[in-house]
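Accompanying notes for the structure given below.
Readers should treat all values here as calculations from the given coordinates under stated rules, not as data from a laboratory. Values in this document were obtained by computation on a predicted structure and should not be read as measured data. Positions of Cβ are generated from backbone atoms using ideal geometry, with glycine treated the same way; all protein chains shown enter the neighbour counts.
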Amino acid sequence: MNIADVFKRKSPVLSFEIFPPKKAAALYGIDETLAELCRLNPDFISVTFGAFGSQVDNKTIELGRKIKNDFHIEPLIHLTCLNYNKEEILVILKKLKEEKLFNILALRGDESPDVTPKEEFKYASDLITFIKEQSDFSVCGACYPEKHLESPDAVTDILYLKQKTDAGASHLISQLFFDNQLFYDFYEKTRIAGINVPIQAGIMPVTNKKQIERMVSLCGATLPLKFKRIINRYEDKPEALFDAGMAYAINQIVELIAAGVDGIHIYTMNKPIIAKRICEGIKTLI
Ligand code: FAD
């Protein structure tokens, strides 16, 4: 199935994101997680890809294969390019083809002080162009409602984002955000810039304080006052923080759907309970 086609027949599209467990042995334990996520019948499940080394990419493909063949849900395979050359990317694309995994989220990935980038791909748009030259994969890209951390300003970031859709990205998935108005403003700017593909809103429900601090330091998401109040009030009461975090995420999603968003992408953090609670909260809206 071509994921781009789902957006033509359905709105909003619902997807989940998972990551391959770090330890190879834990891959066996992921079956129950996948089974629970797939029972919720998302339109697709995306699987993250390590920016460095081959261990993780094999696990990404393995998980994608399981999702497709064992659970009959379409996987979206993340693929980063900064630390790979063209030959290595071709090997990965060949593997994906053999497994009939034809949907790719093409990413640049982040630099690491320990790894020298291979420099054949500088940006995600280079990878998108390369994949599109090779074969008929369906490719999507990432976008940043509050701009990418390295970008000097939002306009520059959106102009570069346009290069991704010009290169063939047929939909975009957003970085997490907690203030819907920032997403609406971003969406409007993409339309002014001539970006006309569907954009899914990335939602990460907060389940603990450390997690939110880590995410905010990684991506710089703005925390609205009403959100900070929740964290401050319940930081030492994990169950209450979980309930409040879920309520906040569901509220965010309900408002996005009412505003006509193209799709919702839930960062599940491999916890089916998160996806379950959200799906219960929005079951008649999707
Ligand atoms: P790009 O689109 O290449 O942009 C990176 C920066 O370069 C931006 O500041 C952009 O404005 C700028 N830029 C783009 N083109 C040009 C140009 N031509 N000239 C000058 N500047 C330019 N990381 C992982 O390692 N694995 C994952 O599985 C993963 N999944 C993700 C999923 C989503 C939905 C999102 C939002 C992010 C994900 N990431 C993942 C993180 C991502 O790799 C980082 O955010 C990374 O820093 C940027 O990746 P990108 O593909 O958006 O890069």
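Table for the structure above
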{"quantity": "Rounded, prolate or oblate (a/c below 1.5 giving rounded, otherwise prolate when a/b exceeds b/c) for the chain by Cα gyration tensor", "calculated": "rounded"}
{"quantity": "Spin-label pair Glu87/Lys10, simplified geometry with 7 Å Cα→Cβ offset, distance in nm", "calculated": "4.1"}
{"quantity": "Mean Cβ neighbour count within 10 Å, used as a protection proxy, ranking 70-81, 93-104 highest first", "calculated": "70-81, 93-104"}
{"quantity": "Farthest toward positive dipole pole in the stretch 230-286 [+1 Lys/Arg, -1 Asp/Glu at C-beta], among Ala275, Ala258, Ala247", "calculated": "Ala275"}
{"quantity": "Charge dipole (debye, nearest 20) of the stretch 1-146; +1 at Cβ of Lys and Arg, -1 at Cβ of Asp and Glu", "calculated": "360"}
{"quantity": "Segments 134-140, 256-262 sorted - mean Cβ within 10 Å per residue, highest first", "calculated": "134-140, 256-262"}
{"quantity": "Residue-wise HN-Hα coupling along the stretch 8-13, computed from phi with Karplus coefficients 6.51, -1.76, 1.60 (Hz; x: Gly, Pro)", "calculated": "6, 10, 8, 8, x, 7"}
{"quantity": "Assigned charges on the beta-carbon of Lys, Arg, Asp, Glu; the chain dipole about Cα centre (debye)", "calculated": "520"}
{"quantity": "Under Karplus coefficients 6.51, -1.76 and 1.60, residue-wise ³J(HN,Hα) of the stretch 118-123 in Hz, glycine/proline x", "calculated": "7, 6, 7, 10, 9, 9"}
{"quantity": "Bridge type composition, the stretch 1-125 - antiparallel percent by DSSP, nearest 5", "calculated": "10"}
{"quantity": "Structure-based [θ]222 nm, the chain - -39500 (n - 2.57) summed over DSSP H runs of at least 4, per residue, nearest 500", "calculated": "-15500 deg cm²/dmol"}
{"quantity": "Gyration tensor verdict on the stretch 224-286 (Cα atoms; rounded if a/c is under 1.5, prolate if a/b is larger than b/c, oblate otherwise)", "calculated": "oblate"}
{"quantity": "Positive dipole terminus of the chain, leading residue within Leu149, Leu172, Leu225 (C-beta point charges)", "calculated": "Leu225"}
{"quantity": "Gaussian network model of the chain, Cα within-10 Å springs - most flexible of Ile230, Ile266, Ile199", "calculated": "Ile230"}
{"quantity": "Within the stretch 130-286: Cβ-based charge dipole about Cα centre, in debye rounded to nearest 20 (Lys, Arg +1; Asp, Glu -1)", "calculated": "440"}
{"quantity": "Unit charges at the beta carbon, dipole of the chain: most positive-side option, Thr129, Ile212, Thr48", "calculated": "Ile212"}
{"quantity": "Gain on full stretching of the segment that runs from Lys22 to Glu235 - 0.36 nm per residue minus C-alpha separation", "calculated": "74.0 nm"}
{"quantity": "Distance in nm between pseudo-label sites at Arg191 and Leu285 (7 Å out along the Cβ direction from Cα)", "calculated": "2.0"}
{"quantity": "Peptides 272-283, 106-117, 165-176 ordered by average Cβ neighbours within 10 Å, highest first", "calculated": "165-176, 272-283, 106-117"}
{"quantity": "Separation in nanometres of the label points that stand 7 Å from Cα toward Cβ, at Gln181 and Glu111", "calculated": "3.5"}
